[in-house]
Amino acid sequence: MPVWLALSVVLGVVIGTFYANHIAGGRTSVRDAGGYLRINTAPGLKKMNSLLELLDDQYVDTVNMVDVVEKAIPQILSELDPHSVYLTAKEAQTANDDLRGSFSGVGIEFIIRNDTLRVQNVIADGPAEDAGLLAGDKIVMVDDSVFTGKELTNELAMSRLKGPSGTKVKLGVLRYGEKEQREFTVTRGEIPMTSVAAVYMLNDDTGYMKIKNFGENTYREMLVALARLSMDGFQQLVIDLRGNTGGYLEAAQKIANEFLPRNRIIVYTEGRRSPKMVYASDGHGTYQRMPLVVLIDEGSASASEILAGAIQDNDRGTIIGRRSFGKGLVQQPVEFNDGSVMRLTVARYYSPSGRCIQKPYASGQDKDYEEDLMQRYQHGEFFTVDSIKHTGPEYHTVMGRTVYGGGGITPDIFVPEDTSDYTSYYKEAAMTGLILQFAYDYTDDNRKTLSQFTTQYDLVHFLKKKHLVEQFAQYAEKRGLKRRNLMIKRSYHLLEEYIMSRMVYNLLDEDAWVEYLNQDDPTIKEALRVFKQGLAFPQPPTKEAGQQVALSKGKAPRLTAHRYLA
């Protein structure tokens, strides 16, 4: 017993000394002979611990140390690189829901109009549908509390309607055409969130698949999508990564593996403390010989660039569109006890040819990095291939084609953005949200008639006869957007497409919305031309070969869906 007691005392002293010196920083302050407080300034972490302890102990007013730390961490990370970030517990939960492939809630997609939450879509087979809610319903009460007013925000709505599976929430609902309020009790459940946004046949033998992010379930969703296309007899495939900001590296690696022959490098990562890790294909992919086109643009980043780079560097398919974002840094999530998360950059990723696609940045707050896409636009890169600035060295694909590092994936075939029909009227109509408001109000006022159409073809055919642009111009003028007849005429096609696309989205689903937008898309047309001419598999370079330039005319920027789920 005396021996064990002595060992315990020694162990306690050692542990206490370690924590005092390495965690708490030891005694951080002493008073000198003159009574002045002095800090024992040990290097690195001890100095930070000393500062925090001193603030807590000696500052003139009471300090909320949790708040100080919450504000300090993002500032510290911002001095490193553009993608090391700190997320609060709530922000981390939202981000994880997007990649996890599901969230717990009532199962609706909503918007807020005139201080009222309106159900835009009811997720199929979800709790809200089971309880009887319909698109167009207005939720005005939540758990017997009024749920309208100026203070109602998207964040507040999501926090009140989301919650643990199995919990109940009581909703007061006003339904179109009814004066009496209805009450529904909804039992929250797991709501699936798909990352494969659209799957359909572009023509008799060309399949199309749009991937909007790379989450836990993306690879499985892709296999299901490809099986569906197989039943339709597809012989060639378009993978649309435009606007895809990335996600999990593993998902991109697995998808690339489906299309590459054995022992082809997909990507490799390496950092100061992260040893080189090479991800290579195993030769078990089902679609190794299928003609393939990948679509990218300036919104394609991270895992999207991994997939596009693997296809391009291995000469496996043709990349069409505009230069991608240029994010080649790998983040490691570090979770704190309160649920907050730090995403710390620990490595860079490199495409098979050895290029790092990360665009240049300066440590600390780098305004040029944040404004890079705007600078590209002003420089003319969105409109002419000759305006693309390559900041990195040349690399070469498997068959010797030239590719570039240091700033995104440059497509094999460039399709410019067309803004010839852009006017200040269209820009203001879009940026102020007036088009979204009009589309929702028109949908809501005519929901009974419009709901009879089950395909976007029938719905669009019906809407074409309703002179929607003229109706919008009158609607917008009453809300402060001055009518400009010449500008409306010039932007007529853009206005009509945007208005009808939102109505398709409101009444049908994201799949139909994407299919509608693709009907007149020059990048899609260019992909079909490549297949028709047998150019999906890149050819070895010749002395005359250079950057290919699409023959088709470009199009205005693609519209994006603004989705709030609960």
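The values are calculated or read from the model by the stated rules, or taken from the named source; none is laboratory data. Remember, it's a predicted structure, so these values are computed and weren't measured experimentally. Here the Cβ positions follow ideal geometry from the backbone for every residue, glycine too, while neighbour counts run over all protein chains shown. The accessibility values were calculated without ligands, DNA or RNA, using every heavy atom of the protein model including side chains. Shrake-Rupley method; radii C 1.70, N 1.55, O 1.52, S 1.80 Å.
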Restricting to segment 128-147, give me the number of residues that are in a loop (DSSP other than H, G, I, E, B) and within 21 Å of Asn506 (Cβ to Cβ).
6
All strands (runs of 3 or more DSSP E) inside segment 184-287 with 2 or more residues being open to solvent by 20 Å² or more (accessible area, probe 1.4 Å)
189-192, 196-201, 265-270, 277-280
Under 30 Å from Ala536 (Cα atoms) and in contact with a Ser or Thr (Cβ under 6 Å, 6 or more places away or on another chain) - does that describe any residue in segment 415-426?
yes
Out of segment 506-540, which residues are on the phi > 0 side of the Ramachandran plot and either buried (at least 19 other Cβ atoms within 10 Å of the Cβ) or part of a helix (DSSP H, G or I) (or both)?
none
With the structure loaded, tell me whether Val122 is modelled with pLDDT of 85 or more and either more than 20 Å from Thr345 (Cα to Cα) or open to solvent by less than 20 Å² (accessible area, probe 1.4 Å) (or both) or whether it fails that test.
yes
For Tyr349, state whether it is open to solvent by less than 30 Å² (accessible area, probe 1.4 Å) and either touching a residue at least 24 places away in the same chain (Cβ under 8 Å) or out of contact with any helix residue (DSSP H, G or I) (no Cβ under 9 Å at 6 or more places or on another chain) (or both).
yes
Exactly one condition in (1) farther than 22 Å from Tyr208 by Cα; (2) surrounded by fewer than 20 Cβ atoms within 10 Å (Cβ to Cβ); (3) in contact with a Ser or Thr (Cβ under 6 Å, 6 or more places away or on another chain) is not met by Met503; state its number.
(2)
Kindly list the number of the only condition in (1) part of a loop (DSSP other than H, G, I, E, B); (2) open to solvent by 20 Å² or more (accessible area, probe 1.4 Å); (3) in contact (Cβ under 8 Å) with a residue 24 or more places away in the chain that fails for Asp98.
(1)
Among the candidates Ala89, Ala131, Ala124, residue that is without any contact (Cβ under 8 Å) to a residue 40 or more places away in the chain and either under 20 Å from Gly163 (Cα atoms) or out of contact with any helix residue (DSSP H, G or I) (no Cβ under 8 Å at 6 or more places or on another chain) (or both)
Ala124
Among the residues of segment 243-262, is any touching a residue at least 12 places away in the same chain (Cβ under 8 Å), out of contact with any Gly (no Cβ under 8 Å at 6 or more places or on another chain) and closer than 13 Å to Arg316 by Cβ?
yes
Met399 - would you say it is aliphatic (A, V, I, L, M), free of Cβ contacts under 8 Å to residues at least 60 places away in the same chain and not in a strand (DSSP E or B)?
no
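Limited to segment 310-331, what total is found for residues that are in contact (Cβ under 8 Å) with a residue 40 or more places away in the chain and under 19 Å from the mean Cα position of the chain (by Cα)?
10
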Unique match (being at pLDDT below 95, on the phi > 0 side of the Ramachandran plot and surrounded by 24 or more Cβ atoms within 10 Å (Cβ to Cβ)) among Gly321, Gly326, Gly364
Gly326
Go through segment 87-111 residue by residue and tally those that are among the hydroxyl-bearing types (Ser, Thr, Tyr) and touching a Lys or Arg at 6+ places or on another chain (Cβ under 8 Å).
1
Just wondering, is there one or more residues in segment 410-432 that are free of Cβ contacts under 8 Å to residues at least 40 places away in the same chain and either open to solvent by 70 Å² or more (accessible area, probe 1.4 Å) or in a helix (DSSP H, G or I) (or both)?
yes
I'd like to check something: does segment 517-539 contain any residue that is of a type in the set (A, V, I, L, M), under 29 Å from Ile123 (Cβ atoms) and touching a residue at least 24 places away in the same chain (Cβ under 8 Å)?
yes
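Matching residues to (1) more than 16 Å from Ser351 (Cα to Cα); (2) aromatic (Phe, Trp, Tyr):
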{"residue": "Glu216", "(1), (2)": "yes, no"}
{"residue": "Tyr219", "(1), (2)": "yes, yes"}
{"residue": "Leu229", "(1), (2)": "yes, no"}
{"residue": "Phe234", "(1), (2)": "yes, yes"}
{"residue": "Leu241", "(1), (2)": "yes, no"}
{"residue": "Asn244", "(1), (2)": "yes, no"}
{"residue": "Leu260", "(1), (2)": "no, no"}
{"residue": "Arg264", "(1), (2)": "no, no"}
{"residue": "Tyr268", "(1), (2)": "no, yes"}
Inspect segment 228-241 for any residue being out of contact with any strand residue (DSSP E or B) (no Cβ under 6 Å at 6 or more places or on another chain) and over 18 Å from Gly207 (Cβ atoms) and give the result as yes or no.
no
